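Novice: Structure in structure tokens, see below.
Here, each number is a calculation from the coordinates, and none is a lab measurement. Everything quoted here is computed from the prediction, not taken from an experiment. Cβ coordinates were reconstructed from backbone atoms using ideal geometry, including for glycine residues, and neighbour counts include every protein chain displayed.
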Amino acid sequence: SSLLDAYSNVGESQQDFRARVTQTARELRDKAVEDLRTKLGKQAKSIQDDLQSAFAKLQQQKAAASGSTLSTVAQIGVGVLGALLGRKGGSLVTATTLNKAGSAYKDSKQAGATEAQIEDLKNQLKSLDAQLDEESKKIDAQYDPGSITLETTKLQPKKKDITVSAVGVLWMAK
């Protein structure tokens, strides 16, 4: 078989040779698939780690955005309440309140960007999974025992391949 670079042993039947080649093809296929899984597994692990850190970052950003929003709403509420109850001077919305509102808006935008990053990482994992399936099918087809063709080749002995291990003289009486 040319794919496996295997040759029949002397006296081996074609059926025995085909069984041996089939077993070798399965072993090579399993090794190739395992190598592929190892290679893509490292990439998937890296993406999973990035995904975990992105989830943690998102939780922090959502908490910060929620806290900033709550603080801003509370400050505006205190300003409105103070104005209604006759507090003197100042406006309803101070520079500090505007800064906190801007900070809350920025935090919510960062959370949105992190959510987009998480979606991108999930898509990368799906893509890796699809790549694994596709390449595994190619490997299966390449090492399919049914597609292996056996070629018959006649070997001519060469003088250099013949070694004499013993020399003797034989005499027969009449």
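Novice: Label Gln23 and Lys158 with points 7 Å out from Cα along Cα→Cβ: what is the distance between them in nm?
Specialist: Computed distance between label sites Gln23 and Lys158 equals 3.1 nm.
Novice: Right, here's the next one. With r as the distance between the Cβ atoms of Ser147 and Gln43 and R0 = 22 Å, compute the FRET efficiency 1/(1 + (r/R0)^6) and round to 0.05.
Specialist: For R0 = 22 Å, the calculated efficiency reads 0.15.
Novice: List the lysines whose Cα lies under 16 Å from the Cα of Lys109, skipping any in the same chain that are fewer than 8 positions away.
Specialist: Candidates past the 8-residue exclusion: Lys57, Lys62, Lys100.
Novice: Determine the gain in length on full extension of the stretch Tyr7-Ala56; use 0.36 nm per residue of separation and subtract their C-alpha separation, reporting nm with one decimal. Mind dumping the intermediate values first?
Specialist: Working: separation 49, 0.36 × 49 = 17.64 nm, distance 5.77 nm.
Taking Tyr7 through Ala56 to full extension adds about 11.9 nm, to one decimal.
Novice: Starting from the Cα of Lys31, draw a straight line to each of the lysines and keep only those under 24 Å, dropping any in the same chain fewer than 8 residues away.
Specialist: Within the straight-line limit of under 24 Å, Lys31 reaches these lysines: Lys39, Lys42, Lys45, Lys126, Lys137, Lys138.
Novice: Moving on to the next point. Between Val167 and Lys106, 0.36 nm times their residue separation minus their Cα-Cα distance comes to what?
Specialist: 12.3 nm
Novice: While we're here: Report, as a whole number in µm² per second, the diffusion coefficient that Stokes-Einstein gives for region 128-173 at 10 °C and 1.306 mPa s using the Kirkwood radius over alpha carbon pairs.
Specialist: Working: Rh = 16.6 Å.
The Stokes-Einstein estimate is 96 µm²/s.
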